[in-house]
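The values are calculated or read from the model by the stated rules, or taken from the named source; none is laboratory data. These figures come from a predicted structure and were not determined experimentally. Backbone-built Cβ (ideal geometry, glycine too); neighbour counts: all protein chains shown. Surface areas here come from the heavy atoms of the whole protein model, side chains and all, with no ligands, DNA or RNA. Shrake-Rupley method; radii C 1.70, N 1.55, O 1.52, S 1.80 Å.
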Amino acid sequence: MDNRVMDLDLLLDESLEKILKLIEEKKYFQARDELLKYNAVDIAELLEEITEETEIEMTIILFRLLPKDVSVEVFSELPSDDQVEIVNGITDKEINFIVHEMDFDDKIDVLEELPANIVDKILEKTPKNERKLINTFLNYPDTCAGSLMTPDYISLQKEWTVGEALEYIKKVGMDAETVYTCYVKDSGRKLIGIVSLSTLVITDDDVKIKNIMRTDYVYENVYDDQEDVSEDFKKYGFLAIPVVDKEHRLVGIITVDDILDVMEEEATEDIERMNGVIDWENSDKGYLDISVWQHVLNRLPWLVILMVAYIFTGMIITRFEGKLSEIICLVAYMPMLMGTGGNTGSQAATLIIRGLATDEVDTSDVFKILWKEIRIGFLVGAILSLLNFARVCWLDGNGPLIALTVCSAMLFIVVFAKVLGSMVPLFVKKINLDPALIANPAISSVSDMVALSIYFAMATLFLGL
C-alpha cells in the first residue's frame with residue numbers, strides 16, 4: 001500500500017477519535033472544524049464511522065453544521081442508508097437545497113433510495129422541465145445504461161465556429177459533467193459527431209465544428225446492459241460515452257466515475273456466485289450491514305444442493321465398502337484424489353470465467369480451449385502422479401500396484417477436472433446464462449464423484465476389486 005494512503009488512514013483514525021471526544025463534550029463546532037480539514041470523500045467516510053460509534057442524531061447535527069456547498073458534496077458520497085437517515089432528520093427546505101444542488105446523476109441515485117413521500121415533496125418544488133426529465137430517468141431499469149447517464153453534457157452545433165464553441169463552453173462548462181468531450185447534434189437532437197476540447201483549443205477560431213468533428217464515435221443505447229457498458233469503457237478507455245435512444249437522439253452521457261461503481265458491483269457479484277453465494281436482494285450493502293438471516297439465505301441454497309450431491313458420492317463409496325475393507329490403505333488416498341480433482345477443476349473454471357468476462361476467450365474457442373486444457377491436465381497430472389508414485393512406494397511403504405492405482409487415477413482425474421472446469425462455463429455462456437452461476441463448489445462436487453469412480457475403476461483394473 002502507498003505510504004501516503006497509510007498516512008491518510010492514520011490521520012483519519014486520529015481525527016475520528018478526536019471528533020468522537022469533542023462530540024462527547026458537546027463541542028460540535030470544534031468537531032465540525034476538524035471534519036473540514038478533509039475533502040468531501042474523507043468527510044463522508046468519517047461521518048459514516050461516527051454513525052457507527054454514536055447515535056445518528058450526532059451525525060445529523062455535524063452534517064447540518066457543514067457549509068452548504070460542502071454538505072452537498074458529502075451527501076452524494078454517503079451510503080444510501082446514511083442518506084436516508086439524514087433526510088429523515090433534516091427539514092424539507094434543507095432536503096430541497098441538497099437535491100437541487102447535486103449533479104443530476106447523483107440526484108437520480110438519491111431519489112431512487114428515498115421514500116416516495118419525500119420524493120413527491122421534492123418533485124413538487126422542482127421546475128416542470130426538470131421534473132419531467134427526472135421522472136424519465138427514474139423510470140429506466142436499474143441495470144440499463146439509462147439509469148447511469150446524466151444530461152449534463154456540452155452539445156454543440158455543426159455550423160458553429162471553434163471560437164463560438166469555446167465561448168459557449170466557458171458559459172456552461174461549470175454545470176457540465178465533463179468538458180473534455182463535446183457532442184454535436186443536428187436540429188433534431190440526433191447525435192452526429194463528437195469533438196474533444198483539446199481539438200478545439202488547438203484549432204483556429206474560424207474553423208467550423210462540422211469540419212473537425214469525429215463521426216466514428218462509440219455510443220450506447222439507453223437500454224444497453226450496464227455490464228456491456230462497462231466492457232466498452234474497459235475496451236476503449238474513454239472518460240465518457242454518449243447514450244442515445246432508439247432514434248439516435250442524444251439523451252445523456254455516462255462518465256467513468258459512474259461506471260467504476262458498476263464494475264465493482266459486477267466483480268463482487270461474480271465472486272459471490274463463483275463461491276456459491278446468491279444475493280437474493282441484489283443488495284449493495286456491506287458485509288456488516290447485511291443481517292445474519294439474510295447471510296443464511298444467501299449461502300444456504302448451494303450448500304443444500306452440494307449436500308444432496310455428496311449423497312451420490314457416499315453411495316459410490318458404499319458400493320465398494322466391502323472391497324475397501326480388504327485393501328484399507330486405498331481409503332487413505334481418497335481425500336487427496338478428490339481434493340486434487342476439485343482444485344484443478346476450480347482453477348480451470350476460474351480462468352475461463354474470467355476470460356469470458358474480459359473477452360479474452362469466446363464460446364467459439366471451445367475446441368482450442370479443450371485441446372489446451374487436455375494438454376495442461378495431462379502434464380499436471382503426470383507430474384503429480386510421479387510425485388505420488390514415489391510417496392506411495394517409499395514413504396508409505398505400499399507395493400507398486402497400489403502406487404500404480406493411485407497415480408493412474410490421479411492422471412485421469414486431473415485431465416477430467418480440467419476439461420469439466422473449462423467446458424461447463426462455456427456451455428452456460430452458450431445458453432445465454434452468466435458463467436459465474438456455475439459455482440466452484442458445484443464443479444468441485446461433480447469432480448469428487450467422478451474422481452471416486454475413476455479411482456475405483458483403476459483399483460478394479462489393477463487390484464481386481
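Taking 0.36 nm per residue of separation and subtracting the current Cα-Cα distance, fully stretching the chain between residue 30 and residue 249 would add 73.7 nm.
For region 7-50, trypsin sites (Lys or Arg not before Pro) are listed when DSSP marks them as loop and at most 12 other Cβ atoms sit within 10 Å of their Cβ; the list is 26, 37.
Here is the list for region 15-51: GluC sites (Glu not before Pro) lying in DSSP coil, each with at most 11 other C-beta atoms within 10 angstrom of its C-beta, are 25.
Residues in region 232-248 carry Karplus couplings, in order, of 5, 4, 5, 5, 9, x, 7, 7, 7, 10, x, 10, 10, 8, 5, 9, 6 Hz; the curve used is 6.51 cos²θ - 1.76 cosθ + 1.60 with θ = phi - 60°, and Gly or Pro positions show x.
Averaging 1/r across all pairs of distinct Cα atoms in region 119-188 and inverting the result yields a Kirkwood radius of 14.3 Å. Exactly which trypsin sites (Lys or Arg not before Pro) in region 71-143 are in a DSSP loop and have at most 14 other Cβ atoms within 10 Å? Counting only loop positions with at most 14 other Cβ atoms within 10 Å, the trypsin sites (Lys or Arg not before Pro) in region 71-143 are 125.
Taking amide H positions as modeled 1.01 Å from N, with prolines and chain starts lacking one, the residues under 5 Å from residue 221 and 5 or more places away or on another chain are 244.
Based on protein heavy atoms only, region 1-150 ends up with 55 Å² per residue of surface accessible to a 1.4 Å probe. In region 327-428, the C-alpha radius of gyration followed by the widest Cα-Cα span (Dmax) gives 15.7, 49 angstrom. Per the Debye calculation on the chain with a single equal scatterer at every Cα and no solvent contribution, log₁₀ I(q)/I(0) for q = 0.08, 0.10, 0.11, 0.14 Å⁻¹ amounts to -0.71, -0.94, -1.03, -1.29. Nearest 10 degrees, 0 to 90: what angle lies between the long axis of helix 366-390 and the longest principal axis of the chain (Cα atoms)? Roughly 50 degrees, rounded to the nearest 10.
Taking a point 7 Å out from the Cα of residue 430 in the direction of its Cβ, the residues of region 349-370 whose backbone N falls within less than 15 Å of it are 362-370.
A 1.4 Å probe over all protein chains sorts 161, 405 by accessible area into 161, 405, starting with the largest. The apolar share of the surface of region 333-465, taken as the fraction of accessible area on carbon and sulfur atoms (1.4 Å probe, ligands and nucleic acids excluded), comes to 71 percent.
Please determine, in degrees from 0 to 90 and to the nearest 10, the orientation of helix 56-65 with respect to the longest principal axis defined by the Cα atoms of the chain, where the helix direction is its Cα long axis. That helix lies at roughly 40 degrees to the long axis. Between helix 256-274 and the chain there is an angle of about 20 degrees, using the helix long axis and the longest principal axis of the Cα atoms.
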